[in-house]
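Q: Have a look at this one before I ask anything.
The values are calculated or read from the model by the stated rules, or taken from the named source; none is laboratory data. These figures come from a predicted structure and were not determined experimentally. Virtual Cβ from ideal backbone geometry, glycine too; neighbours counted across all protein chains shown.
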Amino acid sequence: MAVVACPAFLPCFPLLLLQSGWSGSGQDDTHCLCYDFNITPKFRPEPRWCEVQGLVDERPFLHYDCVNHKAKASASLGKKVNVTKTWEKQTETLGDVVDFLKGQLPDVQVENLMPVEPLILQAQMSCEHKAHGHGGGSWQFLFNGQTFLLFDSNNRKWAVLYPGAKKMKDKWEKNTEETVFFHKISMGDCKTWLEEFLLYWEKMLDPTKPHSWAPGTTQPKTMATTLSPWSLLLIILCFILPGI
């Protein structure tokens, strides 16, 4: 199968993997699993609103109901795996991520951002599965569409893409439990889910077949499909010249 590009952060992810000794060989049969989280705080006493969407190779298969804490299958891909034990484990972990992100909102300190209501915290967790079991993982964090932090799960390194996000980066970086949390989910849980789901999905993800979308849905838009040249420069500086 041909290489499938992951949305959002992962178009620049190979650049980061180069720092970990990643090579471009063996890129066949590559698949990407991504989860988009959108958290919006509402005025009290109303509860916070959130939305979670799961995609494999940029095709939607899951929508997480934050109120009832249930993952709903979307399109044929989701319905193929929504009765598996892996689906149940995935649902529980997605709930943990939602709870964690909600808990970060009161303490969020991002300087030099214009006060905009509501302030939407977005996160995207991605993992890849390559031939022979290799692959990578990553996190991307945004406020109202502005990317401010990247986390390379392979080497547990953070990159600040917005100057005002340094406080958040320092806070999460110093908290070992939070770093382990991000690393474990993207490099452990996500990759395990993808490997197990591929047992059911492999023929459905044949690139020679047209994409099939659920009735009434449209092709999803990624939170940030490209990074500016300045952002790429910042990534290079953060990962090639540490400590400078």
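Q: Pick out, from the stretch 129-175, the strands (runs of 3 or more DSSP E) lying fully within it that include 2 or more residues that are closer than 24 Å to VAL98 by Cβ, among the aromatic types (Phe, Trp, Tyr) and within 18 Å of the chain's Cα centre (by Cα).
A: Result: 137-143, 146-152.
Q: Could you list, in sequence order, the residues of the stretch 61-92 that are modelled with pLDDT of 95 or more and touching a Gly at 6+ places or on another chain (Cβ under 7 Å)?
A: PHE61, LEU62
Q: Being at pLDDT 85 or above and surrounded by fewer than 21 Cβ atoms within 10 Å (Cβ to Cβ) is the requirement here; does ASN112 meet it?
A: In short, no.
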